[in-house]
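Worksheet: one structure, shown below.
The values are calculated or read from the model by the stated rules, or taken from the named source; none is laboratory data. Keep in mind the model is a prediction, meaning the values are calculated, not measured. A quick note on method: Cβ atoms are made from the backbone with ideal geometry, for glycine too, and the neighbour counts reach across all protein chains shown. Accessible surface is based on the protein model in full, side chains and every heavy atom, while ligands, DNA and RNA are left aside. Shrake-Rupley method; radii C 1.70, N 1.55, O 1.52, S 1.80 Å.
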Amino acid sequence: MSFKPSSVVPPLTRPQLSEARRVRAAELFDQGRSGVEIARMLGGSEESVRRWRRVWEEGGADGLRRRPASGRPPKLDDAQVERVRAALEQGAQAHGFEADLWTLERVGLVVERVTGAALSKASVWRLLTSRLGWSLQRPERRAVERDESEIARWIAHEWPRIKKGP
């Protein structure tokens, strides 16, 4: 699997759009616009504009910018995530599992083997979806007795007969 940088600019995320709106409000504060006018122009509430104005008066436009997310840092750094990616791309059978199918439990075991960090199922899910960009894929279920040639024959001969009617 390969990824190439794209020349298309991705759309702004919701936090980026909110920050852009607050920064635009700061520009409008500088112009002396009223709170009602700014709320109408930016599609926000007057209460939000009043709150932004208080922040702007205390800290300027920088006070309206996004701050880094607080909270506990992730257990895995970027180098560890890349080692996990490389291990998962080898396939489940390369790690001793019978079927080449990844489950949250299996990925958790591989993460622990590769990095030494034990993750909960929820953390494994976030790792797979957010940091690795993987998505849920379910194996297609097919009957063992399935006969493709019989299905093709039925579609070619029986289905038109049934569709026509008596």
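Just a few scattered comments:
- Residue check for Gly71: more than 30 Å from Arg113 (Cβ to Cβ), at pLDDT below 95 and either small (Gly, Ala, Ser) or open to solvent by less than 90 Å² (accessible area, probe 1.4 Å) (or both): no
- Enumeration of residues in the range 84-122 that are in a loop (DSSP other than H, G, I, E, B) and of a type in the set (Ser, Thr, Tyr): Thr103, Ser120
- Selection of first residues in the range 65-85 that are within 30 Å of Ala26 (Cβ to Cβ) and among the acidic types (Asp, Glu) and of second residues that are in a loop (DSSP other than H, G, I, E, B) and open to solvent by 100 Å² or more (accessible area, probe 1.4 Å), restricted to Cβ pairs under 8 Å at least 6 apart or on distinct chains, gives an empty result.
- Some residue of the range 20-43 being under 24 Å from the mean Cα position of the chain (by Cα) and within 22 Å of Leu132 (Cα to Cα): no
- Among residues of the range 47-68, those that are out of contact with any Asp or Glu (no Cβ under 9 Å at 6 or more places or on another chain) and open to solvent by 90 Å² or more (accessible area, probe 1.4 Å), counted: 8
- Residue check for Trp125: within 30 Å of Glu19 (Cα to Cα), among the aromatic types (Phe, Trp, Tyr) and either part of a loop (DSSP other than H, G, I, E, B) or open to solvent by less than 50 Å² (accessible area, probe 1.4 Å) (or both): no
- Among the residues of the range 140-153, not a single one is open to solvent by 60 Å² or more (accessible area, probe 1.4 Å), in a helix (DSSP H, G or I) and touching a His at 6+ places or on another chain (Cβ under 9 Å).
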